[in-house]
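Remarks on the structure that follows.
Read the figures in this text as sums done on the coordinates, not as results from a lab. Computed from a predicted model, the values in this text were never measured in an experiment. We place every Cβ from the backbone using ideal geometry, glycine too, and count neighbours over all the protein chains shown.
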Amino acid sequence: MPNYKTAKLVKNRDHFKCEMCDKLKMAKVYEYQSISYVRDYIPHHYKKLCADCIYKTAYGTKLWKKKKKEGALDEM
Ligand SMILES: [Zn+2]
């Protein structure tokens, strides 16, 4: 996987508003930037995402629940 793809846990617990679903959460905070398939286009770099949103974005609707259970992105 290329290095410029960012999907990581930044805080184990914080009070924040998720940039994707706009919900206020008291939970884990993740950072995410997807791979750019288009030259000179930089995908939006999300700084604060909730677990549901980042797992859905990173793994898609079929896999995200399984990956979340495994804690695939939960290493700091
Ligand atoms: Zn969210």
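Coupling constants for the range 18-26 follow from the phi torsions by the Karplus curve (6.51 cos²θ - 1.76 cosθ + 1.60, θ = phi - 60°), and in residue order they are 5, 6, 9, 9, 6, 8, 7, 10, 10 Hz; glycine and proline get x.
Relative to the Cα centre, what is the charge dipole magnitude of the chain, using +1 at the beta carbon of each Lys and Arg, -1 at the beta carbon of each Asp and Glu, and rounding to the nearest 20 debye?
Working: 18 positive and 9 negative charges, 60 e Å.
The calculated dipole for the chain is roughly 280 debye.
Under 20 Å of direct C-alpha separation, and excluding same-chain neighbours fewer than eight residues apart, Lys23 reaches these lysines: Lys8, Lys11, Lys47, Lys48, Lys56, Lys65, Lys68. For the range 8-52, a crude dipole built from +1 on the beta carbon of Lys and Arg and -1 on the beta carbon of Asp and Glu, taken about the Cα centre, is about 220 debye to the nearest 20. Simple spin-label estimate for Thr61 and Val10 gives 2.8 nm between the two label positions (7 Å along the Cα-to-Cβ direction from each Cα). The aspartates and glutamates within cross-link reach of Lys28, meaning a Cα-to-Cα straight distance under 18 Å and a gap of 8 or more places when in the same chain, are Asp14, Glu19, Asp52, Glu70, Asp74, Glu75. P(r) tail for the chain: Cα pairs beyond 18 Å make up 38% of the total.
Where in the range 14-76 are there GluC sites (Glu not before Pro) that are in a DSSP coil and have at most 16 other Cβ atoms within 10 angstrom of their Cβ? Don't jump to the answer; show the numbers that get you there.
Working: sites: Glu19, Glu31, Glu70, Glu75; in loops: Glu19, Glu75.
The qualifying sites are Glu19, Glu75.
Going 7 Å from the Cα of Ile35 along its beta-carbon direction, which residues of the range 47-76 have the amide nitrogen within less than 18 Å of the resulting point? Under cut-off, by backbone N: 55-64, 73. Taking every alpha-carbon pair under 8 Å whose residues sit at least 6 apart, the range 7-70 reaches a relative contact order of 28 percent. Seen against the Cα atoms of the chain and their longest principal axis, helix 51-70 is set at about 60 degrees.
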